[in-house]
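Please read the structure below before turning to the comments.
The values are calculated or read from the model by the stated rules, or taken from the named source; none is laboratory data. Being a predicted model, the structure only gives us computed values, none of them experimental. Here the Cβ is made from the backbone with ideal geometry for all residues, glycine too, and neighbour counts use every protein chain on show.
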Ligand code: ATP
Ligand code: LTN
């Protein structure tokens with residue numbers, strides 16, 4: 001069976017963008033492929049994190065996965081930092097990756113602007129991501145549009161290493177969702193909705209209560225035209241709401257335009273809010289039950305046992321090919 005692997009960083013409260021761009025894809029692929037899902041905690045520390053908050057976020061992310069419907073019987077679920085081979089392989093791959101290639105990554109260029117003292121880890125971040133992927137010989141890597149460049153880098157690294165040392169890694173493909181590939185901020189719809197945003201009004205968090213969700217959607221930035229029509233360039237606010245609506249329903253963009261052709265923005269926004277609340281409420285109910293459960297630790301224990309033995313084998317092969325043995 002073909003394999004998929006994906007992960008999310010526990011770098012803050014998860015957003016509707018993470019749900020639509022990442023978690024919904026996991027739910028789809030868990031029934032189609034052998035699936036590996038992890039918590040990218042080592043990626044989270046590429047920017048400063050409070051240790052107590054980080055630990056909470058790790059547990060919270062796992063509970064969100066499960067509450068959203070990620071099934072531990074269908075997926076191997078693990079914590080990245082518990083598998084020592086990810087960082088070990090990353091070191092070898094870093095030594096085989098030109099510095100210039102990493103400096104060109106869009107996310108690195110964006111994130112370094114936000115912190116003058118940015119860490120070296122922020123630069124090498126995509127190589128750790130490449131090792132996450134390449135350790136497991138996966139066929140596909142489901143990610144949002146913003147991570148496509150990193151998966152392409154992982155492909156380049158795999159091809160380069162295979163060419164130099166012989167077949168070691170499988171070269172994977174990114175899987176990008178069509179609708180909702182990029183959910184945007186509600187206040188500034190030209191920007192990605194992001195968990196590390198500094199304005200919470202533009203971001204729907206998965207654990208926001210109903211009143212907050214409704215308020216944020218009703219105040220979302222739109223335009224003065226009063227036509228529910230998809231046009232990302234000239235009407236980014238309304239197009240973003242259409243994207244959210246289609247991603248959470250079975251409707252296409254055309255269906256939504258047709259359905260709301262005689263409606264004002266208030267009616268449309270109200271329906272978007274109803275839909276978001278109806279998707280998030282059951283997830284929240286399950287989440288709060290799961291958070292304290294011992295089940296969470298059992299799932300990670302099983303995941304680390306399985307992934308350690310797979311990753312160890314790949315690491316030993318890579319070391320041998322590179323000449324790291326006595
Ligand atoms: P940060 O703000 O910490 O960079 P983020 O909210 O951008 O975080 P990530 O942890 O980088 O989220 O991403 C987790 C997954 O969610 C990735 O697959 C990413 O592509 C997807 N994702 C994140 N934000 C969005 C969004 N706004 N729309 C669609 N997909 C998204
Ligand atoms: N960088 C990704 C998280 C991530 C990932 C991965 C996704 C780390 N390693 C491997 C897919 C495959 C992010 O920020 N979304």
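A few remarks follow.
- For region 85-116, filtered to residues that are away from ligand 1 (no atom under 13 Å from the Cβ) and touching a residue at least 60 places away in the same chain (Cβ under 8 Å), the residue that is nearest to residue 29 (Cα to Cα) is 86.
- Looking only at residues in region 117-127 that are closer than 25 Å to residue 183 by Cβ and in contact (Cβ under 8 Å) with a residue 60 or more places away in the chain, the one that is farthest from ligand 2 (Cβ to nearest atom) is 122.
- Condition met for residue 208 (more than 10 Å from ligand 1 (Cβ to nearest atom), under 18 Å from residue 278 (Cβ atoms) and assigned to a loop (DSSP other than H, G, I, E, B)): yes
- Of all residues making up region 37-56, the number that are touching a residue at least 60 places away in the same chain (Cβ under 8 Å) and either more than 9 Å from ligand 2 (Cβ to nearest atom) or out of contact with any helix residue (DSSP H, G or I) (no Cβ under 8 Å at 6 or more places or on another chain) (or both): 4
- Checking the stated criteria, residue 297 turns out not to satisfy the condition of being out of contact with any strand residue (DSSP E or B) (no Cβ under 9 Å at 6 or more places or on another chain), surrounded by fewer than 18 Cβ atoms within 10 Å (Cβ to Cβ) and closer than 18 Å to residue 215 by Cα.
- Test: residue in region 88-98 that is within 12 Å of ligand 2 (Cβ to nearest atom) and within 19 Å of the chain's Cα centre (by Cα): no
- Among the residues here, residue 205 qualifies as under 27 Å from residue 60 (Cβ atoms) and either surrounded by 15 or more Cβ atoms within 10 Å (Cβ to Cβ) or out of contact with any helix residue (DSSP H, G or I) (no Cβ under 7 Å at 6 or more places or on another chain) (or both).
- Test for residue 67: is it touching a residue at least 60 places away in the same chain (Cβ under 8 Å), in contact with a helix residue (DSSP H, G or I) (Cβ under 9 Å, 6 or more places away or on another chain) and more than 15 Å from ligand 2 (Cβ to nearest atom): yes
- Filter result for residue 115 (exposed (fewer than 12 other Cβ atoms within 10 Å of the Cβ) and on the phi < 0 side of the Ramachandran plot): yes
- Within region 134-147, being more than 11 Å from ligand 1 (Cβ to nearest atom) and either more than 22 Å from residue 85 (Cβ to Cβ) or part of a helix (DSSP H, G or I) (or both) holds for one residue alone: 134.
- Across region 91-118, the qualifying residues are those that are in a loop (DSSP other than H, G, I, E, B) and touching a helix residue (DSSP H, G or I) at 6+ places or on another chain (Cβ under 7 Å), and the one among them that is farthest from residue 152 (Cα to Cα) is 118.
- Test for residue 66: is it touching a strand residue (DSSP E or B) at 6+ places or on another chain (Cβ under 9 Å) and away from ligand 1 (no atom under 16 Å from the Cβ): yes
- Residue that is farthest from residue 21 (Cα to Cα) [pool: residues in region 148-169 that are assigned to a loop (DSSP other than H, G, I, E, B) and touching a helix residue (DSSP H, G or I) at 6+ places or on another chain (Cβ under 7 Å)]: 166
- Residues within region 232-243 that are modelled with pLDDT of 95 or more and in contact with a helix residue (DSSP H, G or I) (Cβ under 6 Å, 6 or more places away or on another chain), tallied: 2
- Wholly within region 215-326, helices (runs of 4 or more DSSP H) carrying at least 3 residues that are touching a residue at least 40 places away in the same chain (Cβ under 8 Å): 236-248, 265-290, 295-322
- Considering residues of region 157-173 that are away from ligand 2 (no atom under 15 Å from the Cβ) and surrounded by fewer than 17 Cβ atoms within 10 Å (Cβ to Cβ) only, the residue nearest to the chain's Cα centre (by Cα): 159
- Lone qualifier among 321, 286 - being over 23 Å from residue 163 (Cα atoms), surrounded by 15 or more Cβ atoms within 10 Å (Cβ to Cβ) and touching a helix residue (DSSP H, G or I) at 6+ places or on another chain (Cβ under 6 Å): 286
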